[in-house]
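Asks: Just dropping this structure here.
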Amino acid sequence: MADFNPVDPIIAKRDSEALPPDTIQQLVDAYTAGDVPDYQMSAFLMAAFLNGLDDEEAAALTDAMLHSGVVLDLSATGGTKVDKHSTGGVGDKVSLILAPIVASQGVPVPMISGRGLGHTGGTLDKLESIPGFRTDLSIDAYKAQVDDIGIVLIGQTEEMAPADRKLYALRDVTGTVESIPLIASSIMSKKLAEGIDALVLDVKCGRGAFMKTEEDARALAETLVAIGTEHDTSTTALMTDMSVPLGRAVGNWPEVDESIQCLRGEMDDSDLMQVTYALAGEMLHLGGEADTPEAGRTQARRAVASGQALEMLRTLVEAQDGDVGVVDDPSTRPDSEPAATVEAPDEATGYVADLDALAVGRLAVDLGAGRRTMEDDIDLAAGITFEKKPGEAIAPGEPLAHLYTQRTDRIDDFRTQLIDAYAFSDTPPAERTVLLDRYTPDGWDEW
Ligand code: URA
């Protein structure tokens with residue numbers, strides 16, 4: 001280690017050479033220890049972004065970040081522990097619905113989630129919009145809870161994958177986020193540190209996702225599954241559409257409210273529940289509670305219809321000190337009244353043709369629901385709920401959406417942004433497919 005010179009791997013990657021695993025390990029260790037400065041690591045990241053990393057290099061980077069901190073051991077907890085990770089989207093509250101469904105069927109779900117950044121939301125912020133809900137449990141409390149009730153949702157602790165935390169923050173400010181091997185190793189280093197046995201990935205594709213094209217989303221899914229398989233973690237990836245916001249709510253509390261409606265069985269035909277049931281089917285199958293993913297989907301629907309899944313959400317909220325009263329009656333949460341209702345413009349005669357997820361995600365940040373930097377405060381009640389989504393009939397003056405914000409001085413600007421995110425047509429648009437493809441170590445399956 002004494003004669004390690006970080007300039008050597010920077011030059012090698014600049015010249016498109018493949019780096020041996022021990023060089024990647026040395027570089028990550030030295031950066032995490034503070035022995036390599038940000039400017040050198042930035043140069044390396046940009047070289048890796050531009051010239052790529054092959055599968056062996058991506059695996060070595062994952063290992064180096066995974067072993068930079070604590071790797072949890074949940075072997076004392078019975079059952080096959082399964083988690084899900086989404087590559088990030090707008091209105092993506094799937095974890096809040098999915099984790100209780102799966103846990104209610106006897107598959108333990110230990111989930112470590114992140115916060116929203118950029119135009120995408122994060123599960124931790126959503127959970128914290130439930131008054132009192134604690135996401136800062138210690139590792140011992142995390143282990144005890146999954147053992148006790150079969151479900152736990154917390155934030156990444158200081159001890160887990162610290163190299164990824166440091167590298168992700170650097171990538172965020174050096175234009176090096178949207179790289180398939182860098183994203184795959186970042187996600188997998190965190191997930192493999194959780195102590196899970198199996199993982200289901202929701203790889204988002206479209207204008208509201210990091211991967212804008214199907215080609216890139218497929219490559220990311222393949223890399224993620226390859227890394228999971230190499231680490232003896234059964235991994236399946238679903239590729240799902242993120243060109244339109246998922247469900248009818250965007251923003252932290254609005255999304256929790258919608259998740260409760262879903263768990264009450266009130267939104268079973270939505271795009272949101274299609275994605276949720278598909279992921280639940282995979283998790284129940286990998287967790288050994290369903291013979292096939294299809295059987296798992298049917299079981300997941302029954303878990304909602306019977307009320308078992310909603311009861312599991314109550315158990316989770318109670319265990320993490322949240323106010324169960326708002327689960328029983330979401331209208332009791334303060335600040336849940338909209339600041340404005342946006343009506344359809346004169347040209348909206350016919351159908352909603354489109355709703356741009358990226359524009360909606362950016363509007364949600366402007367309303368106060370998201371951060372521009374990790375230090376920003378957010379307004380947990382801010383967001384948007386949609387009365388109309390693509391494919392639905394519309395006439396001028398009908399309500400399109402409700403806006404929740406404390407920034408009422410900018411309400412006219414927000415109305416314009418919201419209307420600009422919509423497109424209208426005289427004829428119904430083509431039906432949208434949300435579930436695109438499925439990838440396992442055996443290859444791709446079409447839906
Ligand atoms: N999510 C992550 O955890 N890491 C990335 O690099 C991108 C999305």
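The values are calculated or read from the model by the stated rules, or taken from the named source; none is laboratory data. None of the values given here were measured: they were computed from a predicted structure. Every residue, glycine as well, gets a Cβ built from its backbone with ideal geometry; the counts of neighbours run over all protein chains shown. Accessible surface is based on the protein model in full, side chains and every heavy atom, while ligands, DNA and RNA are left aside. Shrake-Rupley method; radii C 1.70, N 1.55, O 1.52, S 1.80 Å.
Asks: Between residues in the stretch 302-328 that are in a helix (DSSP H, G or I) and residues that are at pLDDT below 95, which pairs lie under 9 Å by C-beta distance while being six or more apart or on different chains?
Replies: Cβ pairs passing all conditions: GLY325/THR332; GLY325/ARG333; VAL326/THR332; VAL326/ARG333.
Asks: Residues in the stretch 69-85: is at least one more than 18 Å from GLU194 (Cα to Cα) and of a type outside the set (A, V, I, L, M)?
Replies: no
Asks: Of all residues being within 16 Å of the ligand (Cβ to nearest atom) and open to solvent by less than 10 Å² (accessible area, probe 1.4 Å) in the stretch 108-123, which is farthest from the chain's Cα centre (by Cα)? Just the residue, please.
Replies: Taking the candidates together, the pick is MET111.
Asks: Return the residue satisfying two criteria in turn: it lies in the stretch 167-196 and is among the aliphatic types (A, V, I, L, M) and within 25 Å of LYS143 (Cβ to Cβ), and of such residues it is farthest from the ligand (Cβ to nearest atom).
Replies: Here the residue is ILE196.
Asks: On the given criteria, is THR235 part of a strand (DSSP E or B), more than 19 Å from ALA357 (Cβ to Cβ) and either at pLDDT below 95 or more than 14 Å from the ligand (Cβ to nearest atom) (or both)?
Replies: When the stated conditions are applied, THR235 passes them.
Asks: Could you tell me how many of the residues in the stretch 175-194 are more than 17 Å from LEU50 (Cα to Cα) and open to solvent by 10 Å² or more (accessible area, probe 1.4 Å)?
Replies: 3
Asks: A further question follows. Would you confirm whether any residue within the stretch 262-270 is part of a helix (DSSP H, G or I) and out of contact with any strand residue (DSSP E or B) (no Cβ under 9 Å at 6 or more places or on another chain)?
Replies: Yes, the stretch 262-270 has at least one match.
Asks: Can you name the residue in the stretch 145-166 that is within 13 Å of the ligand (Cβ to nearest atom) and over 19 Å from the mean Cα position of the chain (by Cα) and, of all such residues, is surrounded by the fewest Cβ atoms within 10 Å (Cβ to Cβ)?
Replies: Result: LYS166.
Asks: I need the full set of residues from the stretch 1-24 which are surrounded by 13 or more Cβ atoms within 10 Å (Cβ to Cβ) and at pLDDT below 95, in order please.
Replies: PHE4
Asks: From ASP172, ASP257, which residue is open to solvent by 40 Å² or more (accessible area, probe 1.4 Å) and modelled with pLDDT of 95 or more?
Replies: ASP257
Asks: Which pairs have Cβ atoms under 9 Å, sit 6 or more apart or on different chains, and link a residue in the stretch 391-420 that is over 18 Å from GLY350 (Cβ atoms) and touching a residue at least 60 places away in the same chain (Cβ under 8 Å) to one that is open to solvent by 40 Å² or more (accessible area, probe 1.4 Å) and of a type in the set (A, V, I, L, M, F, W, C)?
Replies: Taking only residues 6 or more apart or on different chains, the pairs are HIS402/ALA339; LEU403/ALA339; TYR404/ALA339; THR405/ALA339; GLN406/ALA339; THR408/ALA339; ILE411/ALA339; PHE414/ALA339.
Asks: Further, regarding this structure: Condition first: crowded, with 24+ Cβ neighbours inside 10 Å, under 24 Å from ARG134 (Cβ atoms) and touching a helix residue (DSSP H, G or I) at 6+ places or on another chain (Cβ under 6 Å). Now tell me which residues in the stretch 55-84 satisfy that.
Replies: Within the stretch 55-84, VAL82, LYS84 qualify.
Asks: Across the stretch 416-433, which residue is farthest from GLU282 (Cα to Cα) among those that are surrounded by fewer than 19 Cβ atoms within 10 Å (Cβ to Cβ) and in contact with a strand residue (DSSP E or B) (Cβ under 6 Å, 6 or more places away or on another chain)?
Replies: My answer is ASP426.
Asks: Filter the stretch 200-227 for residues that are open to solvent by less than 10 Å² (accessible area, probe 1.4 Å), assigned to a helix (DSSP H, G or I) and closer than 15 Å to ASP445 by Cα and give the result.
Replies: ALA217, ALA221, VAL225
For every residue, the table says whether it meets (1) under 19 Å from the mean Cα position of the chain (by Cα); (2) more than 16 Å from the ligand (Cβ to nearest atom); (3) not in a loop (DSSP other than H, G, I, E, B).
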| residue | (1), (2), (3) |
| --- | --- |
| GLN40 | no, yes, yes |
| PHE49 | no, no, yes |
| THR80 | no, yes, no |
| GLY89 | yes, no, no |
| ASP92 | yes, no, no |
| PRO131 | no, yes, no |
| ASP140 | no, yes, yes |
| LYS143 | no, yes, yes |
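Asks: Within the stretch 331-369, track down each residue that is of a type in the set (A, V, I, L, M, F, W, C) and farther than 21 Å from ALA381 by Cα.
Replies: Within the stretch 331-369, ALA344, ALA348, VAL352, ALA353, LEU355 qualify.
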